[in-house]
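Visitor: First, the structure itself, so that you have it in front of you.
The values are calculated or read from the model by the stated rules, or taken from the named source; none is laboratory data. Just so it is clear, the model here is predicted, and its values are computed rather than measured. Here the Cβ is made from the backbone with ideal geometry for all residues, glycine too, and neighbour counts use every protein chain on show.
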Amino acid sequence: MLVEKNAPLQDCNTFGIVASADTLVRARSAADVQTFAASPVYRGRRTLVLGGGSNMVLTGDVIDAVVLKMEITGLRLVEETERHWIVEAGAGERWHDLVAWSVAQGYGGLENLALVPGTVGAAPVQNIGAYGVELQDRFHSLDAVDLRTGEAFTLNAAQCAFGYRDSIFKHAPGNDGRGMGLAGCAVICAVRLALPKSWKPELGYLDLQRRQQEEGVAAPTAQQIFDWVCAIRRAKLPDPSVIGNAGSFFKNPTVTEDQCRDIIAREPKVVHYPMPDGSIKLAAGWLIDACGWKGKTMGHAGVYDKQALVLVNRGSGGVSVTGGEVMTLARAIQTSVYERFGIRLEPEPVVV
Ligand code: EPU
């Protein structure tokens, strides 16, 4: 366990927001996390667990919490069952490195999730998803440490209570209706994925179907889909190492069939997808785009010009966007989408 004082955080969040932590603790093993939890120095202090910092907006100059930076590494095959390869990754590994490694080993199943920013430990928190696959579709189990007791524990998929960009790790204890939320009190140390031996390509998304037709490949391999997803994402999402951002800034909202019919009557072009439970998901990017926000800038915060769902850092010459500027822009977008469509957009990143 490595402890730093007055640590700068600009390089620890993909928005590139300038902020610092009065205490930053680097955890390189689950034992480090347990030592941290047991230490009287940190007990009772608010802890901010940081993975790749790809899904958060830092709004203060100095973060009012001890920052626990997860740096546990390791990628390995832990088990082979009749139907699955079970692979395990340390929470501090980059998610994309796990995807690239598993595909290269011949274990398909994660390729649609290529280039999702962030670390392995952050992936279950918001049940990352892209191109028709969500983490929960491949999830086996995870190991975590309870910050209140220092105890290590394991959760299976049902215990994680996954939903759309949601899990038990996003709900405060006692605040999820079942008194079981783990937000702020559990740290994920390792994640195991069950990758199917009878692998089948997942090509339900229009973008992937188009690419398949262009390439003229009837039966693509996991490696080919991995390459296509990388190309599609690079074409429409900004690379955080070039333009700071936190991926999709808002969740895609769901409405009832009646609400959707009402919106279609006024806005016939609204992009919508029927969900298995009968509700309808609307494309937040389309709603924001329709309100004219694409490419706009407020202060040093901007709306990406190729995908209106992504807010970006337009700071330059040593000046960075502040968390306050990002949130001001986010609120202005929420207001115009509400005024035009009657829909409240919910931010996806954690606001600290
Ligand atoms: N659209 C517009 N204008 C825009 C943006 C989108 O008209 O500026 C339209 C598109 O033409 C398309 C629809 O909206 O018809 C949906 O857009 P897209 O396919 O880009 O997907 P999305 O719903 O905006 C979601 C995820 C992404 C994920 C993609 C692909 C959420 C909040 N976002 O975006 O996840 O990569 O699908 O599966 O669910 C992330 O979470 O950070 C992320 C990037």
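Visitor: (1) free of Cβ contacts under 8 Å to residues at least 60 places away in the same chain; (2) crowded, with 16+ Cβ neighbours inside 10 Å; (3) under 23 Å from residue 58 (Cβ atoms); (4) more than 12 Å from the ligand (Cβ to nearest atom): which one isn't true of residue 317, the others all being true?
Guide: Condition (2) is where residue 317 drops out.
Visitor: Filter the stretch 34-69 down to the residues that are under 26 Å from residue 250 (Cα atoms) and assigned to a strand (DSSP E or B) and list them by number.
Guide: Scanning the stretch 34-69 gives 47, 48, 49, 50, 56, 57, 62, 63, 67, 68, 69.
Visitor: One residue is enough: does the stretch 33-51 have a residue meeting the conditions assigned by TED's automatic domain parsing to the domain that holds residue 140, more than 16 Å from the ligand (Cβ to nearest atom) and of a type in the set (Phe, Trp, Tyr)?
Guide: no
Visitor: Could you check the stretch 145-168 and list, in sequence order, the residues that are in contact with a Gly (Cβ under 9 Å, 6 or more places away or on another chain) and within 19 Å of residue 51 (Cα to Cα)?
Guide: Matches in the stretch 145-168: 147, 165, 168.
Visitor: Let me ask another. Kindly evaluate residue 108 against the criterion of being modelled with pLDDT of 95 or more and among the small types (Gly, Ala, Ser).
Guide: It is true that residue 108 is modelled with pLDDT of 95 or more and among the small types (Gly, Ala, Ser).
Visitor: Can you tell me which residues in the stretch 85-125 are among the hydroxyl-bearing types (Ser, Thr, Tyr) and part of a loop (DSSP other than H, G, I, E, B)?
Guide: If the condition is that a residue be among the hydroxyl-bearing types (Ser, Thr, Tyr) and part of a loop (DSSP other than H, G, I, E, B), then 107 is the only one that fits.
Visitor: Here's a follow-up. Residues that are modelled with pLDDT under 95: list the helices (runs of 4 or more DSSP H) wholly contained in the stretch 209-319 that include at least 1 such residues.
Guide: Once the helices (runs of 4 or more DSSP H) in the stretch 209-319 are filtered for at least 1 residues that are modelled with pLDDT under 95, what remains is 222-236, 257-266.
Visitor: Is it fair to say residue 261 is more than 30 Å from residue 76 (Cα to Cα), of a type in the set (Lys, Arg) and away from the ligand (no atom under 16 Å from the Cβ)?
Guide: Judged against the criteria, residue 261 is a match.
Visitor: Using beta carbons and a limit of 9 Å, which pairs, at least six apart or on different chains, have the first residue in the stretch 197-214 and within 30 Å of residue 79 (Cβ to Cβ) and the second one among the polar types (S, T, N, Q) and exposed (fewer than 11 other Cβ atoms within 10 Å of the Cβ)?
Guide: Between residues of the stretch 197-214 that are within 30 Å of residue 79 (Cβ to Cβ) and residues that are among the polar types (S, T, N, Q) and exposed (fewer than 11 other Cβ atoms within 10 Å of the Cβ), the close pairs are 197/81.
Visitor: Can you name the residue in the stretch 187-208 that is part of a strand (DSSP E or B) and touching a Lys or Arg at 6+ places or on another chain (Cβ under 9 Å) and, of all such residues, is surrounded by the most Cβ atoms within 10 Å (Cβ to Cβ)?
Guide: 193
Visitor: Considering each of 110, 115 in turn, give the residue that is surrounded by fewer than 23 Cβ atoms within 10 Å (Cβ to Cβ), under 20 Å from the mean Cα position of the chain (by Cα) and within 16 Å of the ligand (Cβ to nearest atom).
Guide: Selected residue: 115, the only one of 110, 115 that is surrounded by fewer than 23 Cβ atoms within 10 Å (Cβ to Cβ), under 20 Å from the mean Cα position of the chain (by Cα) and within 16 Å of the ligand (Cβ to nearest atom).
Visitor: Continuing with the same structure: For the stretch 118-163, give me each residue that is more than 12 Å from the ligand (Cβ to nearest atom) and among the hydroxyl-bearing types (Ser, Thr, Tyr).
Guide: If the condition is that a residue be more than 12 Å from the ligand (Cβ to nearest atom) and among the hydroxyl-bearing types (Ser, Thr, Tyr), then 119, 141, 149, 154 are the ones that fit.
Visitor: If you check residue 94 against the conditions, is it basic (Lys, Arg), surrounded by fewer than 23 Cβ atoms within 10 Å (Cβ to Cβ) and within 16 Å of the ligand (Cβ to nearest atom)?
Guide: yes
Visitor: Continuing with this model, one more query. For the stretch 286-296, which residues satisfy the criterion of being more than 7 Å from the ligand (Cβ to nearest atom), surrounded by 14 or more Cβ atoms within 10 Å (Cβ to Cβ) and free of Cβ contacts under 8 Å to residues at least 40 places away in the same chain?
Guide: 296
Visitor: Residues of the stretch 30-47 being closer than 19 Å to residue 93 by Cβ and in contact (Cβ under 8 Å) with a residue 60 or more places away in the chain, which ones?
Guide: Correct list: 30, 33.
Visitor: Name the one entry in 274, 268, 253 that is more than 20 Å from residue 346 (Cα to Cα) and either of a type outside the set (Phe, Trp, Tyr) or assigned by TED's automatic domain parsing to the domain that holds residue 54 (or both).
Guide: Of 274, 268, 253, the one residue that is more than 20 Å from residue 346 (Cα to Cα) and either of a type outside the set (Phe, Trp, Tyr) or assigned by TED's automatic domain parsing to the domain that holds residue 54 (or both) is 268.
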